[in-house]
Amino acid sequence: MIKPARKEIESLTPYVPGKPIEELERELGIRKAIKLASNENPFGPSPRARRALARSLAGINRYPDGSCFILKRALSAALRVPEDWIVFGNGSNEIIELLVRTFLKPGSEAVTSESTFLVYDLVVQAAGGKLRKAPLKNFTYDLPALRSLVTRKTSLVFIANPNNPTGTIVREQELVRFLRGLPKNILVVMDEAYAEFATDRAYPRSLKLLSRFPNLVALRTFSKVYGLAGLRIGYGVARPEVTDFLNRVRQPFNVSSVAQAAAGAALTDTPFLKKTTANNRRGLQFLYRGFKRLGLRYVPTQANFVLFEVPGGGDKYYQLLLREGVIVRPMGGYRLPDWLRATVGLPRENARLIQALKKIL
Ligand SMILES: Cc1ncc(COP(=O)(O)O)c(C=O)c1O
């Protein structure tokens, strides 16, 4: 019988992605379903990225530039960090995996929170490590509680900031306190997939903190605000002592040429980025008002999605919303069985979610 290399792999539960629109329409024989389930950009891809993508197609007979030279130079200038502090991945998911493969010692542990991004679990478990989780406090990462789980076995700490699925943030002051009190051989990964949506002034300037804390890593992605989730490109920013090892472990051509071209163009598409973040701010205000009117509890968010509570179980409401052609994300897998997570959509999509909830309630 074929067995995986480690017993932890046998007990892995595969990641359940948001339901695709086509699948729902096929299953229910409906049309014009909307998806507010995977925190994607509701406007589609950045138009500049689209044009660059089309131009780049002529070169796909060649292998991509494994160093992402041109993109790295542009990003380095945009972020004001040296080029050798940046490492690209097939989505920021790949950097999470690379960090674990590179820095999680056999038999050692990683620390994170309950009700956070499920990929940390998958990756750590697949690598034969153990992920220890502190409870959330007010739907927010509780850094002192994370600290109390750190032992001599800990190699990595994962902090999703803003957190997915709660949308809450840890603030710069708390983060600095946490970093100061942590042994310097433990890597702290700030997973900032939604950084561009955060408006709270206390949101940590992690790239600045990198000069003070060499054990810090910041992860960002082109999947959310830039609208390129389908192309799979994200990056990590860390000191060269860290990126050097990641570059040794990663596949030489882990980011496609078309993704590099599109990401470089998206980076400069300021009108698109402004439109996206403005839509998000307005969409959140609309959704908050809608939830309040319907008497539903919600968690104020710094991201492009919002967690809200439904009476009598999230799964039931998830199914009822599907029948209305609205796909959101049930939260049972995140230990929040009475909650649903909805991505901020276009104004008419947000209105449709509120309308559907009103009908169901
Ligand atoms: C917290 C968090 N980190 C990372 C990712 C992964 O993004 P990607 O691999 O598309 O860059 C996501 C995507 O949903 C996320 O929510």
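Annotations
- For the chain, built as a Gaussian network whose Cα springs stay under 10 Å, the top-fluctuating residue of Gly44, Gly227, Gly314: Gly44
- Filter on Lys133/Lys359; Lys133/Lys275; Lys105/Lys208; Lys3/Lys224; Lys35/Lys130 - keep pairs with C-alpha separation over 31 Å: Lys133/Lys359; Lys133/Lys275; Lys3/Lys224; Lys35/Lys130
- Alpha-carbon centroids, the range 103-177 and the range 182-204: separation in whole Å: 12 Å
- P(r) tail for the chain: Cα pairs beyond 36 Å make up 21% of the total.
- Accessible surface, per residue, of the chain when the full set of protein chains is kept, probe 1.4 Å, Å²: 47 Å²
- Convex hull volume per residue for the range 258-343, taking Cα atoms only, in Å³: 133 Å³
- Across all C-alpha atoms in the range 134-203, the radius of gyration and Dmax reach 12.0, 36 Å.
- Summarising the label geometry, the points placed 7 Å from Cα in the beta-carbon direction at Ala58 and Glu83 lie 2.4 nm from one another.
- D (Stokes-Einstein, µm²/s), Kirkwood Cα radius, the range 197-299, 1.567 mPa s at 4 °C: 78 µm²/s
- Hull shadow area, averaged, the range 69-166 [alpha-carbon convex hull, nm²]: 7.3 nm²
- Hydrodynamic radius of the range 223-283 per Kirkwood, over alpha carbon pairs, in Å: 13.5 Å
- Most mobile listed residue (Glu25, Glu196, Glu324) in the chain, GNM with C-alpha springs under 10 Å: Glu25
- Heavy-atom accessible surface of the chain: percent carbon and sulfur, 1.4 Å: 53 percent
- Cα gyration tensor shape for the range 208-248, rounded if a/c is under 1.5, else prolate or oblate: oblate
- Only helices enter the 222 nm calculation for the chain: every DSSP H run of n ≥ 4 contributes -39,500 (n - 2.57), and dividing by all residues gives -11500 deg cm²/dmol, rounded to 500.
- Listed residues Leu294, Leu149, Leu216, most fluctuating in the chain (Gaussian network, C-alpha, under 10 Å): Leu294
- The convex hull of the Cα atoms of the range 218-361, projected and averaged over all directions, covers 10.8 nm².
- Rg [Å, one decimal], Dmax [Å, integer] - the range 165-230, C-alpha atoms: 12.8, 39
- Using C-alpha pairs below 8 Å separated by at least 6 residues, the relative contact order for the range 47-267 is 31 percent.
The values are calculated or read from the model by the stated rules, or taken from the named source; none is laboratory data. Just so it is clear, the model here is predicted, and its values are computed rather than measured. All Cβ positions, glycine included, derive from the backbone under ideal geometry; neighbour counts span all protein chains shown. When the accessible area is computed, the model is the full protein with side chains, heavy atoms only, and any ligands, DNA or RNA have been set aside. Shrake-Rupley method; radii C 1.70, N 1.55, O 1.52, S 1.80 Å.
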